[in-house]
Amino acid sequence: MHCKIQKVNLEEQHIRYLSDLATNETAVIIKIKGYGAFRKRIREMGFVRGTAIKVIKKAPLQDPIEYELMGHRVSLRTSEAQLIEIATPEDFQRADTQTHIDISCREDVKQQKKNFSKTIQVALVGNPNCGKTSIFNQITGKHERVGNYSGVTVGAKTANFNLQDYTIELTDLPGTYSISEYSPEELFVREHLSEKLPDVVINVVDASNLERNLFLTTQLIDMNIRVIIALNMYDELLKKGDRLDYHYLSKLIGIPIVPTVATNAKGIGTLLDKVIDVFEETETTRHIHISYGNDINSSIQRIKAAVKKHDTINDSLHSQFVAIKLLEDDKTFKEHIRSFDNSQEIITIAQEEVQRLEREHNTKTETLITDAKYAFIRGALKETYTSSSIQKEPKGYKADALLTHRWLGIPLFVLFMWAMFHLTFSLGSYPMTWIENGVDALRMLTQNSMQEGMLCDLLVDGIIGGVGGVIVFLPNILILFFCISLMEDTGYMARAAFIMDKIMHSIGLHGKSFIPMLMGFGCNVPAIMATRTLDSKKDRLLTILIIPFMSCSARLPVYILFISAFFVQYQSLILLSLYLFGILLAALMAIIFKKLFFKKADVPFVMELPPYRMPTLRNIGSHTWNKSVQYLTKMGTVILVASILLWALGYFPREEVNELASKQVEEVENLHIDKLYSSFDTSQFKNSEANQLENSYLGRLGHFVEPAIAPLGFDWKIGISVITGMFAKELVVSSMGVLYRSPDDESEISSHNLTEKLHQQRYETGVKKGEKIFTPLLAYSFMLFILLYFPCVAVFAAIRHEVGLRWAIFSAFYTTALAWIVAYIVYNVGSIFL
Ligand code: GDP
Ligand code: MG
């Protein structure tokens, strides 16, 4: 193996770096090397081309160094200063003889750029035989040997040439399939990219073999360097009759793409223009992150956090790249890391994460990451690439022939969804009754074994009642999460998002938003947690804002009560209409919010298509378990606090009421006059529970809100049920059970009983005094109100946790306002016709 690495001789080209500057010396900034966060931060500090900079002093150990630029002082580490290219003010001015430059004036920087000859370092990176050397020869006019067999040469050829006002230093690197540690070529390319830090990388891609070639591209994306794709051998692609929407592909992956044919120099001019555009940042590129899925991503984040503690590696290597490489267990990279002060911590964390992932997935992390990268590529190509010949799906993708089939895809998807919900509710109903009975038994046991009093009431009604009401949903939640984990782990979930993408786009959302929305029908809380899979913040927020309109299973008891009480015919149709109304309103609100809050044009995201995989029981088990624990802790804590609060609101103030009631009863009974006794309706005092509720804080709240809800035809009792419903919507029914208990009815109220009671309710005050409250029309508008208003405290907490308090408050207000408006319109317009 002979090496012919042509070292870039810095002396010869008079390139000086900021770190070379002596104390009190002044210079002008020419170029910032390095990538990503470092570049961004340093530019924000004012380090832009043409700015004058002066060394004030160096720290005792020569590090850090204090500089003055644009009238303020900053301090940089030597390692950072080494990435900033400078020139003396004289050189800078001499190079620009036409215009006078005021070197401290940033506005003129653009103008200066045009007039100062500059060096752009460009590297050609790509698979073997994709045409790198051909492109190199076309550009430089050299005659390097084409047909580079991998493994023969490990070296780079460099040539300088002038283009417009620039000197371009073009380097042809050896061909590699990947930037890992397996071959000398790969290591060589990696080192060139991380040490020479070329300004722009041209990723040469063989258009006739996109899937394999783009793998390297995904690694360049991880490295967060400035890349342009030369879509070479474009003639071959056209000859095959294939089509590639490379404009859209370019948008998806955030990299400019120029089709080229190196053998006849087609596209080479455009390619070079793009190099300058990207260097000058006149071409806006977007740095995307490849989505590795929640599991791997949380590992990446953890390692990244540790890596970021050591600032200097950020300078030349993007922390995302470092984290991924460490997760892949890249040996050479670990050696590389050893020189950093917290290397031990980083490596320990990385090892923990590798072990965790390998245990959970039963595969090497490297395979997991490779799979995720191919999933990204498959997804991107599925949307942009059409092959002329019918290709057989490769291994791991065979099921796509059926599951993403043009005609069969959607019916199959609907079938799976139906099966999932059917399983959730039918299978879940058995353990649900067991738990219900268990909670009842516990309640009885507590009641019997404890002394009557406040503590007993708190335990029985507040804690056991409140938390028990949530625990009963546990089986359903477990089954739902099991189905979802199964779909995620087999790879079907990605296809579901893919299938729904078109429809979701019509309301301004992404295909991936569909899954959380669907989950919302079970319970809004896990649905809001599931939005974490969405790549864009905007999509997440938008999805979170409309999820509350997906009618969750806790609202069902309310519908069932009112539909069975007020609608004899078309019951299921009415139920369906409520669900549909929620969906339509969600779609409408998505469109409106998009117009209001997110005016900027959409950036498209790749929808990953991972290979199908037979999931392990352990894997699904742990995913189901993790999700359930998350759900339960959220519900457990929030609901516990809420049910105690609700109980207290309904329980207090106490003595006052008791005294009053008992005194009145006493008085009446003391009269001993039969006539008077019978004219008195003592029954109202006997129903002390309902009476207590009316006089409690909760009851007062009900009276307090009455004026606000009176236009909807709601009285104070409905007001109370609406307030309790804020804690959990199924409580609407139970609070009505207490409120509508008839005076002489001491037994627990049954649902049949409650239905009758609803029919008997009459207005106590107002213009409609004496009229029946509940009509079918009011029942319907009430159900709409319950569907739409304030989601419930657990959802509020979930939204706060995911996107912050401000949005949680916003969500609470706009849903309630919307509920009021809808109920008002339905009730009042309906009253005209009915
Ligand atoms: P390298 O290994 O990436 O340096 O690739 P080479 O430049 O050595 O090219 C490999 C082979 O592909 C050579 O035989 C080239 O003539 C051929 N080639 C390069 N670019 C193109 C192109 O755009 N179209 C076609 N049809 N052939 C090309
Ligand atoms: Mg070559």
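The values are calculated or read from the model by the stated rules, or taken from the named source; none is laboratory data. Just so we're clear, the structure is a prediction, and the values are computed from it rather than from any experiment. So basically every Cβ, Gly included, is an ideal-geometry build from the backbone, and we count neighbours across all protein chains shown. Surface areas here come from the heavy atoms of the whole protein model, side chains and all, with no ligands, DNA or RNA. Shrake-Rupley method; radii C 1.70, N 1.55, O 1.52, S 1.80 Å.
Of LEU368, PHE774, THR386, whose Cα points farthest to the positive end of the dipole of the chain (charges on the beta-carbon: +1 Lys, Arg; -1 Asp, Glu; origin at the Cα centre)?
THR386
As I understand it, the value is the acute angle between the Cα axis of helix 492-506 and the longest principal axis of the Cα atoms of the chain; what does it come to in degrees, rounded to 10?
80
So how exposed is ASP245, as accessible area in Å² (1.4 Å probe, rounded to 10)?
70
What percent antiparallel are the DSSP beta bridges of the chain, to the nearest 5?
On the way: 30 of 53 bridges.
The answer is about 55 percent antiparallel.
Subtract the Cα-Cα distance of LEU805 and GLU236 from 0.36 nm times their separation in residues, and report this length gain in nm to one decimal. Before the final figure, lay out the partial values.
Numbers: separation 569, 0.36 × 569 = 204.84 nm, distance 5.51 nm.
Stretched fully, the LEU805-GLU236 segment lengthens by 199.3 nm.
Just the projected area, averaged over all directions, of the convex hull on the alpha carbon atoms of the chain: how many nm²? Before the final figure, lay out the partial values.
Details: hull surface 185.1 nm².
The directionally averaged projection comes out at 46.3 nm².
Can you figure out the FRET efficiency of HIS247 with GLU281, using R₀ = 22 Å and their beta-carbon distance, to the nearest 0.05?
In this case the efficiency is close to 0.60.
State, to one decimal in nm, how far the label point of ASP273 lies from the label point of PHE567, with both points 7 Å from Cα in the Cβ direction.
6.2
Pop a pseudo-label 7 angstrom from the Cα along the beta-carbon direction at both ILE825 and PHE652 and give the gap in nm to one decimal.
4.2
How much length, in nm to one decimal, is gained on full extension between ILE832 and THR23, taken as 0.36 nm per residue of separation minus their Cα-Cα distance? Write out the running numbers ahead of the final one.
Details: separation 809, 0.36 × 809 = 291.24 nm, distance 8.63 nm.
Stretched fully, the ILE832-THR23 segment lengthens by 282.6 nm.
Taking the Cβ-Cβ separation of THR637 and GLN62 as r and a Förster radius of 56 Å, what is the calculated FRET efficiency to the nearest 0.05? Present the calculation step by step, with values, prior to reporting the outcome.
Working: r = 53 Å, r/R0 = 0.95.
That gives a FRET efficiency of 0.60.
Computed FRET efficiency, Cβ-Cβ of VAL603 and LYS308, R0 25 Å: what is it to the nearest 0.05? Walk me through the numbers on the way to the answer.
Numbers: r = 26 Å, r/R0 = 1.02.
Given R0 = 25 Å and the Cβ-Cβ separation, E is 0.45.
Going toward the positive end of the dipole of the chain, with +1 on Lys and Arg Cβ and -1 on Asp and Glu Cβ, which of SER250, PHE321, ASN476 do you reach last?
Most positive-ward Cα: SER250.
Hey, what did the stretch 164-289 get for relative contact order, percent, Cα under 8 Å, at least 6 apart?
Values: 142 pairs, mean separation 26.0, N = 126.
Once normalised by length, the contact order is 21 percent.
As I understand it, the value is the acute angle between the Cα axis of helix 697-709 and the longest principal axis of the Cα atoms of the chain; what does it come to in degrees, rounded to 10?
80
Taking only C-alpha pairs under 8 Å that are 6+ residues apart, what is the relative contact order of the chain in percent? Could the numbers behind the result be given before it?
Numbers: 1208 pairs, mean separation 69.7, N = 834.
Answer for the chain is 8 percent.
Express the carbon and sulfur contribution to the solvent-accessible surface of the chain as a percent, rounded to the nearest whole number, probe 1.4 angstrom.
On the way: 23250 of 39180 Å².
Within the chain, the accessible surface is 59 percent carbon and sulfur.
Within the stretch 564-611, list the chymotrypsin sites (Phe, Trp or Tyr not before Pro) lying in a DSSP loop whose Cβ has at most 13 other Cβ atoms in a 10 Å radius. Don't skip to the end; give the middle numbers.
Values: sites: PHE566, PHE567, TYR570, TYR579, PHE581, PHE593, PHE597, PHE598, PHE605; in loops: PHE567, TYR570, PHE598, PHE605.
The qualifying sites are TYR570.
Take peptides 521-527, 507-513 and line them up by average Cβ neighbours within 10 Å, highest first, as a rough protection proxy.
Packing proxy ranking, top to bottom: 521-527, 507-513.
With a/c under 1.5 counting as rounded, go ahead and sort the stretch 281-368 into rounded, prolate or oblate using the C-alpha gyration tensor (a ≥ b ≥ c being the square roots of the eigenvalues; past the cut-off, prolate if a/b is larger than b/c, else oblate). Before the final figure, lay out each step's value.
Numbers: a/c = 2.10, a/b = 1.18, b/c = 1.77.
Note, shape of the stretch 281-368 comes out oblate.
To the nearest 20 Debye, how big is the dipole of the chain about its Cα centre, given +1 on the beta carbon of each Lys and Arg and -1 on that of each Asp and Glu? Each step should come with its number before you reach the end.
On the way: 86 positive and 89 negative charges, 460 e Å.
The calculated dipole for the chain is roughly 2200 debye.
From the residues PHE605, VAL568, ALA554, which one has its Cα farthest along the dipole of the chain in the positive direction, the dipole being from +1 and -1 charges on Cβ of Lys/Arg and Asp/Glu about the Cα centre?
PHE605
Note the full-extension length gain between LYS502 and TRP434 as 0.36 nm times their separation in residues minus their Cα-Cα distance, in nm to one decimal. Don't jump to the answer; show the numbers that get you there.
Values: separation 68, 0.36 × 68 = 24.48 nm, distance 4.26 nm.
Fully extending the segment from LYS502 to TRP434 adds 20.2 nm.
Per-residue counts of other Cβ atoms within 10 Å, averaged by peptide: what ranking do you get for 717-725, 132-140, highest first? Let's see the in-between values first.
On the way: 717-725: 24.2, 132-140: 22.6.
Ranking the peptides 717-725, 132-140 by packing returns 717-725, 132-140.
Roughly how many nanometres apart are two label points built 7 Å out from the Cα toward the Cβ at THR363 and ARG406?
Going by the 7 Å Cα→Cβ label model, 3.1 nm.
Return one number: the angle in degrees, 0 to 90 and rounded to the nearest 10, between the long axis of the Cα atoms of helix 343-361 and the longest principal axis of the Cα atoms of the chain.
So the inclination is approximately 60 degrees.
I need to check one value: relative contact order of the stretch 23-67, counting alpha carbon pairs closer than 8 Å and at least 6 residues apart, in percent.
Values: 55 pairs, mean separation 19.8, N = 45.
It comes to 44 percent, rounded to a whole number.
What are the equivalent ellipsoid semi-axes of the stretch 154-223, built from the alpha-carbon gyration tensor (square roots of five times its eigenvalues), in whole angstrom, biggest first?
Working: eigenvalues 98, 47, 26 Å².
Output for the stretch 154-223: semi-axes of 22, 15, 11 Å.
For the chain, report the accessible area per residue in Å² (1.4 Å probe, heavy atoms, rounded to an integer).
Details: 39180 Å² over 834 residues.
For the chain, the per-residue accessible area is 47 Å².
Restricting the calculation to Cα positions, tell me the Rg (one decimal) and the Dmax (whole number) of the stretch 241-391 in Å.
Answer for the stretch 241-391, Rg first and Dmax second: 19.2, 55 Å.
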